[in-house]
1. So residue B:158 fits all but one of (1) buried (at least 20 other Cβ atoms within 10 Å of the Cβ); (2) free of Cβ contacts under 8 Å to residues at least 40 places away in the same chain; (3) more than 14 Å from every other protein chain (Cβ to nearest Cβ); what number is the exception?
2. Among the helices (runs of 4 or more DSSP H) confined wholly to segment A:1-98, which include 2 or more residues that are among the hydrophobic types (A, V, I, L, M, F, W, C), surrounded by fewer than 17 Cβ atoms within 10 Å (Cβ to Cβ) and more than 25 Å from the chain's Cα centre (by Cα)?
3. In segment A:148-163, what residues are open to solvent by 10 Å² or more (accessible area, probe 1.4 Å) and within 15 Å of residue B:34 (Cα to Cα)?
4. I'd like the full set of residues that are open to solvent by 30 Å² or more (accessible area, probe 1.4 Å) and either within 14 Å of another protein chain (Cβ to nearest Cβ) or among the basic types (Lys, Arg) (or both), limited to segment B:251-275.
5. Pick from segment A:103-136 the residues that are at the interface with chain B (Cβ under 8 Å from one of its Cβ atoms) and either of a type in the set (Val, Ile, Thr) or in a loop (DSSP other than H, G, I, E, B) (or both): which of them is most open to solvent (accessible area, probe 1.4 Å)?
6. Can you find a residue in segment A:183-195 that is crowded, with 22+ Cβ neighbours inside 10 Å, part of a helix (DSSP H, G or I) and out of contact with any Leu (no Cβ under 9 Å at 6 or more places or on another chain)?
7. Give the residue that is nearest to the chain's Cα centre (by Cα), with candidates limited to residues of segment B:147-191 that are under 19 Å from residue B:250 (Cβ atoms) and outside any helix (DSSP H, G or I).
8. Given the condition β-branched (Val, Ile, Thr), within 11 Å of another protein chain (Cβ to nearest Cβ), under 23 Å from residue A:114 (Cα atoms) and open to solvent by less than 10 Å² (accessible area, probe 1.4 Å), answer yes or no: does some residue in segment A:137-147 qualify?
Amino acid sequence: MNKRLIWRKSVNAVMLTLTGVFTALTVSALFLILGRLIYNGAASLDWNFFTKLPLSPGELGGGMANAIVGSLEIVGMAALIGLPIGFVAGIYLSEFEDRHFASAVRFVADLLNGIPSIVVGLLAWSLLVVAMKGFSAIAGSVALSVMLIPIVTRQTEQFLREVPQSLREGALALGASKWRTIATVVVPAGSKGILTGMILGIARISGESAPLLFTSLNNQYWGGGITQPTASLPVMIYTHAMSPFDDWHRQAWAAGLALIALVLAANISARFVLARGISVPRG
Amino acid sequence: MGTVAAVRPSAAGRGAPTGDAIARWVALAFAASILVLALLLILQLWAGSADARHKFGWGFLTSSKWNPVTEEFGALPFLYGTVVTSFLALLISTPLGLGAAIFLSELAPARLSSALTFLIELLAAIPSVIYGLLAIFALVPLMRTTIEPFLKSHFGRLPLFKGVVFGLDYLTASLVLSVMTIPFVISVSREALLAVPREQREAALALGATRWESTWQVVVPHAKLGILGAIFLSLARALGETMAVTMVIGNSPSIRASLLAPGYTIAAVIANEFSEATGVYRGALVELGLVLFCLTILINALARLMIVATTRKGSKRA
C-alpha cells in the first residue's frame, strides 16, 4: 500500500515537472529564434539596408529600400481594402444578427481563416494577374486582404459582443436610431478590442510571403506603381536566403530581423492597447 | 436582443428616415462579401483546374509521375510528402503542446501563466519565412552534420533512416513544422482545459487523487474533444504551411520510405513552380491547390465542430 503511494507520488512529481519542462522548451524556442536573428542580422541592419537597392549577385553591399517601401505599399492597400470590409461585416454579425445567415457567414469566415495562404494566392492570381496580364502590387494586396477580412470580422464581432446590452438599450431608450446607437455608442465602447484585432491582423499579413510569390512577385528595382511587380520584405527574405551568395544571405538575415521587429512590435502594442481594458464599465 | 426588437417598431411607426434600413443593407452586403469570396475561391479553383481534371481524371490522385516536359502529372508524391511531414510534426508537437497547456492551465500561477501564454502567442506570430530562414541556416547544418549521421549510425537498419544525408528532407521539414504548430496546440487545448469546471478537479482531489491523477484522469478526458480539435486545427495549419517547408524539404517529387530523403509537399510545389507554369502544367498545379483546399477545409470543419462542442459543454456546466 505504502509502496503504491510512493509510486503514485513519484509519477505525480515526474509528470508535473515534465509539463513545466515542455513549457520552458517551447518558450525557449522564441528566445533562440530572436537571439539567432539578432546575432546574424544586427550587424547588417545599417543605413544602407534602409536606403539602397539590392545589388546584383557578386557585388557587395546594397540594401532593401525597395522591399521596405513595397511591403508598406502592398500591406497598406490590403489594409485599405480589408479593414473596412471586415469591420462592417463584424458589425453585421454582432448587431444585425439574423440567425441562419449570420451563422453561415461566421462559419465561412472561420473556414477562410484556415485556408492555406498559398491557396489564397491562387485566388488573387486568377482574379487579377490573369485579368491584368501581369504580376502587380495590387494583386498581392488583394491576396493579403482576403486573409485580413475574416480575421478582422471575427475580432470585431467578438469585441462588440462584449459591449454590455444595457448600453444599447440606454441609447435606444433615449430615442437614438439603431445605426446611431451602433456608430456613437456600441463601436466606441468596443473600439480598443477592435483596434487590437486590426493591428494583429495587419501584423499577420505583413509577414506573409506565400500569397505574394505569384501575385506581386518581386522586383530588384523600385516598383513602377501598383500595376507593376513589386518587391516585398518577406519575398526578398525568401529569394535571398535561397540564393547561393553569402552577401545575399547577410541581407536576408537583416531583413528577417527587421520583419520580426515589426511583427513583434505590433503584437506587443496590441497587447498594450488591450491591457488598458475595454473602455466601458462592466455590468 | 429582445429589447432592441421591441423598440424598433415604434421608430418605424414614426415614419423615421430609413437610416436603419440603409445601415442594415450596407452591413449585410459587406457580410455577404465573405460568402462571395469563398464562392469565388471554389469557382476559380474548379475552373482553373478544368483541363487537368479532364485530362487525368481521378488518376491524378494516384499517379506518382510529375513531368512537365511530357505533360504527365500526378499528385501522389506531394500528397505523401504533405501527409508524412504534417503527421510527424504533430507526433512531436502534440505531447509537447498538451504538456505545456496542462502546465499553463493547471499548475502555473495566474500571472506566470498569462506571461508565458503571451510569449507563446508571439511564437505563433513569427512569419513562416523567418522559420524557413532559421531552418535553412541553423537547423539544416545541425541535421546534416550531427543529428542525421547519429540516427543513421544507430538506427540505420530501419528503412526510416536509410540513404545519403543532406539535411534537406522530410525529417527537417517535420521538425520545423512541429515548432510552428506547438503554439496552436497549446492555445486551443489550454482553452479547452480552462473550460473544465473547477468542481471536477476539486472532486478528484477530495477523493485522494494526486494533482497529476486529477489532471490526467479527470480534467483531460473532460476536455478531450477540445484537445482533439486543437490537434486537428494544428494539422490543418501544418498541411497548408508553405514557406518554411519549401525551404527545407529538398523539393524532389518522389516517394521514399526514408525520412532522410528529400521530398515535396503540395504547398511547396505550388510556391516553386506556379509562376512559370503554363497550360495543363498550370492546371495540374491549380488542381493540387484544390486538393489542398478540400483537405484543409475538411479538417478545419471537423476541428471547429469539436471545439464548439467542448466550449458549449463547459459553459453549460460551469
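1. The number of the failed condition is (1).
2. Values: elements: A:2-41, A:47-51, A:65-95.
Answer list for segment A:1-98: A:2-41.
3. Kept after step one, since they are open to solvent by 10 Å² or more (accessible area, probe 1.4 Å), are these residues of segment A:148-163: A:151, A:154-155, A:158-159, A:161-162.
Selection gives A:151, A:154, A:155.
4. B:251, B:256, B:272, B:273, B:275
5. Result: A:135.
6. no
7. Ranking the candidates gives B:169 first.
8. Of the residues in segment A:137-147, the ones β-branched (Val, Ile, Thr) are A:138, A:142, A:146.
Now drop any that are not within 11 Å of another protein chain (Cβ to nearest Cβ), which leaves A:142, A:146.
In the following step, the residues that additionally are under 23 Å from residue A:114 (Cα atoms) were identified as A:142, A:146.
Narrowing further to those that are open to solvent by less than 10 Å² (accessible area, probe 1.4 Å): none.
No - not one qualifying residue is present in segment A:137-147.
The values are calculated or read from the model by the stated rules, or taken from the named source; none is laboratory data. What you are looking at is a predicted structure, and each value in this text was computed from that prediction instead of being measured. All Cβ positions, glycine included, derive from the backbone under ideal geometry; neighbour counts span all protein chains shown. We work out accessible area using only protein heavy atoms, side chains counted, and drop any ligands, DNA or RNA first. Shrake-Rupley method; radii C 1.70, N 1.55, O 1.52, S 1.80 Å.
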